[in-house]
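Just below is one structure, and these are the notes that go with it.
Each reported figure results from applying straightforward, stated rules to the coordinates on display, with no laboratory input. Quantities reported herein were computed from a predicted structural model and do not represent experimental measurements. Note that each Cβ is placed from the backbone with ideal geometry, even for glycine, and that neighbours are counted across all protein chains shown.
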Amino acid sequence: MSKVRKSTVAGIVCGILLIVACVVIANMGNHDKSANPGPAKYIFLFIGDGMGATHVAAAESYLSYLEGERGLEQVSFTKFPVLGMASTYSADKNITCSSAAGTAISCGEKTNNGMLGITPDGDTLTSIALELKEKGYKIGIMSSVPVNHATPAAFYGHNASRHDYYGITKEIPASGYDFFAGSGFLDYAGKDGDRTGSEELLENEGYTVCFGNEEYEEALRNGAERIVLCQEEYKGTEVPSYVTGKESDTTIGSAEMMKKCLDFLGDEKPFFIMYEQGEIDWCAHDNKTMPMIEAVLKLDDAVETALEFYKKHPDETLILVTADHETGGITLGATGTRAEVNLHWEELDSAWIASGHLNTMKEDENRKLNDSAFIGWTTHGHTGGPVPVYAIGAGAERFGGRYDNTDIKGKILGE
């Protein structure tokens, strides 16, 4: 072979190797991008406080009974294509509390029971909501219970005590988040009632605080930029720290609250919304089956509203439904040592169940219901089992399998 031909062949070989190298480098770049795709544009994180898999199964069993079926009806989120399981222990206990679990989900790090948004050593943690806010996301933090309760506070608060409710309220303005909602405020004017009221406190810092629909609509007409929306019946007063009774005619329901948040945030900019259904936990602490089921179904109403948004933006939206921990140790088909193969919903008076007084059930009524339906509870406290994580949409595949609750933040961010 002549020197000229050898030179030509060598040049061709070098060229091919160069092309191959470029393709490999490009693929490596694509792989890196795939491994770290970043967060979805629109993110919904639903937390059923105290909601284990069996709480959901109880709600679905009841829905099936209403339809004359046995175990066929589902809430919307159990139809999601991805199912994972998250462990829930805190930094100092096998059984977590809501503030420690909320901190783990929000900040991606463990802390001690009773602490909020800080490490066991007192160092400040950064929540996913704040990180996304700094990336240009609009932020909505909502709960069916007080705005300054443990789970919503885990996304904006930093406190050695989850019970410093007034101090937690004072942290709302520093977050700069766009939309807050809940029943109202615990320690509205401080523990002794001698401090500036929460409404005035927040409005002095640039937030518009609305109690009920009329005040909310007025705030929109006045061009409010940052809103805290509360239930009308708790204007200027304390919110009961526990479920006390039936919703009033003016109560803004879970689906309506979610719709208001979506309308306020819009879809021009990316957003992150955290919605908590807090009374699932409260009812489970009391082992009240039907009020707990009703609370799960209220959560599902809010999820359904998010799903309507998802259908309009399927490639840009992530929806997660999970829990901070499980409460009550509920079982289906057993009360104490008694066991049955069927749940006897049919022995109950369905008209009575649907009468709307579930949250005011007397103890003997609750006991009769549990005994009749063969539903048992093992504790009035939290339990230490893993909780389900249901996912659909952009990045949902990252949430399958078993992991710790501290991993949820990174999975949402696509890290």
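One chain, two ends: residue 41 and residue 195. Fully extended at 0.36 nm per residue, the span grows by 51.4 nm beyond their Cα-Cα distance.
What lysines sit close enough to residue 138 to cross-link, taking a C-alpha to C-alpha distance under 24 Å and skipping anything fewer than 8 places away on the same chain? Hits, sequence-local ones excluded: 41, 170, 259, 260, 269, 311, 312, 409, 411. Annotation: amide H-H contacts under 5 Å for residue 404 (H modelled 1.01 Å from N, sequence separation of 5 or more, or interchain): 87. Residues in region 381-395 carry Karplus couplings, in order, of x, 7, 10, x, x, x, 10, x, 10, 9, 9, 8, x, 5, x Hz; the curve used is 6.51 cos²θ - 1.76 cosθ + 1.60 with θ = phi - 60°, and Gly or Pro positions show x. In terms of surrounding Cβ atoms within a 10 Å radius of their Cβ, 286, 281, 407, 324 rank from fewest to most as 286, 407, 281, 324.
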